[in-house]
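Heads up, the thing below is written out as structure tokens.
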Amino acid sequence: MSELDKEIHRRRTFAIISHPDAGKTTLTEKLLLFGGAIHVAGAVKSNKIKKTATSDWMEIEKQRGISVATSVMGFEYDGYKINILDTPGHQDFAEDTFRTLTAVDSVIIAVDVAKGVETQTRKLMEVCRMRKTPVMIFVNKMDRDGKDPFDLLDELEEELKIKVRPLSWPIDSGQSFRGVYNLYQEKLDLYTPSKQTVTESIEFKDINSPELERHIGDSLAAKLREDIELIEGVYPELDIDTYLQGEVAPVFFGSALNNFGVKELLDCFVKIAPSPRPIEAVERVVKPEEEAFTGFIFKIHANMDPNHRSCIAFVKICSGKFERNVNYKHVRFNRQMRFSSPTAFMAQKKETVDEAFAGDIVGLPDTGNFKIGDTLTSGEELHFKGLPSFSPEMFKYIENADPMKTKQLQKGIDQLMDEGVAQLFVNQFNGRKIIGTVGQLQFEVIQYRLLHEYGAQCKWEPINLFKACWIESDNEDELENFKKRKSQYMAKDKEGRDVFLADSNYVLMMAQQDFKDIRFHFTSEF
Ligand code: G4P
């Protein structure tokens, strides 16, 4: 194996996703502790932004600034290079999370044992399913009373629409939680309440050994054997390939806060989670082991300080090796660019790096050269497939409130959309601009940033819309007919694609019924 291959195969790039409060921050922190990346608990607080009142977005932005450092957390563990990509906890920034998911090779989902599958988890899982991202599930807060584990497994399968396979199994729960049987490593992991140290782990290959009674008592031992028999009967043995294809999710139980079950999760994760996977570009499939560097921008983080208008563009390296001060092609501009201070992210420190490998993320200081989805290569004309846009949930007309600053407004809107702050649609009937977002906060962010960074003033006007659907059809006549009939509701997105703005679910259903040859998509990637 070449050096390059070795570097790539030891990389694990993933994100932890969950509904707010399920324990993502705590789990991240414990993983970093294992990697020696941090030394004290309580160091990862960036996700706490979600706890702020929704109206206080300035506070949120301030903290978002801090979170640049935790956008990517890299660390070494057991010979593996692990990159955790942070995702914003606040649901109004869900679009950021969707995009981050395009840059990971796998995902860990944290679920609260008492709450089960919650809305945001469900939504994020849809994105994983679309992309066939392998997922592992960590059922957290086992030290608290929660749902029956078998019921929970059923719920996970039903709600997340994925098969599951437990790799550890809890012994009692809540106050009387005793630990887990680790089916993956064949170990008995005993939990000591209120002791925040690493699990006491005992080799335990034969669950029928009377030793089990000695550790957990007669009734729990009997129950555990019964449960395990049921599991082995109901859930087929984990087939790594089906996990890698995103069809089966291994499940672990534990308590992140008590650092229980986390190391077991990590040990299994590094062994079975995928190293960087081939990525589809428009022209061809790009394999990570290819010598030539390729990558794409999946996130742009703007510095909100008007005196230092600069951004960091985050590049996911898809193949080969990225090097400092080497010329690369910015495909959209057809121009060579080189970067003298690319940063990598180790633990919570940003540092300049000389080289990085497929799977890694590097941050490039940017002054407006990049937009989300841009491709960089060693010279090849290559376009990584667009990151999906999802139909926004909220829409408003954006109007110019200061006629002297029309140009500034135009530029501001363009750049903010390139950064992926929200989506712009231009109504083809009246030429008015419509901004679509997933949350109210984004409107406030846009208005503030237009004023402070571009000196432009905007105002919002209400528009009653239900969904934006990207439409396509092989039947040209029907498509033309549809566009004519619905001309008042037709818009173009930033890429010039046709979008139908449905003002109600009923209208949308009628349209789908009346125009059978037209496909209505709720994401821009189809
Ligand atoms: P999030 O990033 O997914 O939103 O969740 P976070 O880790 O912030 O955890 C949410 C709350 O749940 C925190 O409590 C955290 O301490 C608690 N928690 C996490 N894991 C466990 C666990 O295994 N058992 C129990 N009992 N609690 C857990 P908080 O009071 O909201 O925050 P904090 O003041 O403790 O930081």
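The values are calculated or read from the model by the stated rules, or taken from the named source; none is laboratory data. Because the structure is predicted, anything quoted here is derived from the model rather than measured. All Cβ positions, even for glycine, are placed from backbone atoms using ideal geometry, and neighbour counts span all protein chains on display.
Among the residues of the stretch 158-174, which ones are surrounded by 17 or more Cβ atoms within 10 Å (Cβ to Cβ) and in a helix (DSSP H, G or I)? If the condition is that a residue be surrounded by 17 or more Cβ atoms within 10 Å (Cβ to Cβ) and in a helix (DSSP H, G or I), then Leu160 is the only one that fits. Every test in (1) at pLDDT 95 or above; (2) out of contact with any Pro (no Cβ under 6 Å at 6 or more places or on another chain); (3) more than 16 Å from the ligand (Cβ to nearest atom) is passed by Trp57 save one, and that test is (1). I want to confirm something. Restricting to the stretch 343-364 and keeping residues that are at pLDDT 90 or above and not in a loop (DSSP other than H, G, I, E, B), which single residue is farthest from Arg10 (Cα to Cα)? My answer is Leu364. Within the stretch 256-288, the set of residues being assigned to a strand (DSSP E or B) and at pLDDT below 95 comprises Phe260, Ile279, Glu280, Ala281. The residues of the stretch 373-410 that are farther than 30 Å from Lys321 by Cβ, crowded, with 19+ Cβ neighbours inside 10 Å and not hydrophobic (A, V, I, L, M, F, W, C), listed by number, are Ser389, Ser391, Pro392, Lys396, Lys405. For the stretch 76-98, check the following and say yes or no: at least one residue is assigned by the TED database to the domain that holds Val248, at pLDDT 60 or above and on the phi > 0 side of the Ramachandran plot. Yes, because at least one residue in the stretch 76-98 is assigned by the TED database to the domain that holds Val248, at pLDDT 60 or above and on the phi > 0 side of the Ramachandran plot. The single condition from (1) of a type in the set (Ser, Thr, Tyr); (2) surrounded by fewer than 16 Cβ atoms within 10 Å (Cβ to Cβ); (3) within 12 Å of the ligand (Cβ to nearest atom) that Thr121 fails is (2).
Restricting the stretch 1-44 to residues that are near the ligand (Cβ under 8 Å from one of its atoms) and part of a loop (DSSP other than H, G, I, E, B) leaves a set whose member that is modelled with the lowest pLDDT is Gly42.
Among the residues of the stretch 132-141, those that are surrounded by 15 or more Cβ atoms within 10 Å (Cβ to Cβ) and under 14 Å from the mean Cα position of the chain (by Cα) comprise Thr133, Pro134, Val135, Met136. For Gly261, which of the numbered conditions (1) buried (at least 21 other Cβ atoms within 10 Å of the Cβ); (2) in the same structural domain as Ser319 (by the TED database) fails to hold? Unmet condition: (2). Filter the stretch 411-432 for residues that are under 18 Å from Lys299 (Cα atoms) and among the charged types (D, E, K, R); which is surrounded by the fewest Cβ atoms within 10 Å (Cβ to Cβ)? Residue satisfying both the conditions and the ranking: Asp414.
Applying the set (1) touching a helix residue (DSSP H, G or I) at 6+ places or on another chain (Cβ under 9 Å); (2) modelled with pLDDT of 95 or more; (3) loosely packed, with under 13 Cβ neighbours inside 10 Å to Phe482 leaves exactly one unmet item: (3).
Conditions tested, residue by residue: (1) at pLDDT below 95; (2) away from the ligand (no atom under 16 Å from the Cβ); (3) more than 29 Å from Thr133 (Cα to Cα).
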position	(1), (2), (3)
Pro210	yes, yes, yes
Lys223	no, yes, yes
Ile231	no, yes, no
Gly246	no, yes, no
Phe252	no, no, no
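Within the stretch 265-276, not a single residue is at positive phi and within 16 Å of the ligand (Cβ to nearest atom). Conditions first: (1) more than 29 Å from the chain's Cα centre (by Cα); (2) surrounded by fewer than 19 Cβ atoms within 10 Å (Cβ to Cβ); (3) not aliphatic (A, V, I, L, M). Tyr454 passes all but one, so which condition is the exception? All conditions are met except number (2). Taking every residue in the stretch 199-218 that is of a type in the set (Val, Ile, Thr) and pairing it with any residue that is part of a loop (DSSP other than H, G, I, E, B), at least 6 positions away or on another chain, the pairs with Cβ-Cβ distances below 6 Å are Ile216/Arg178.
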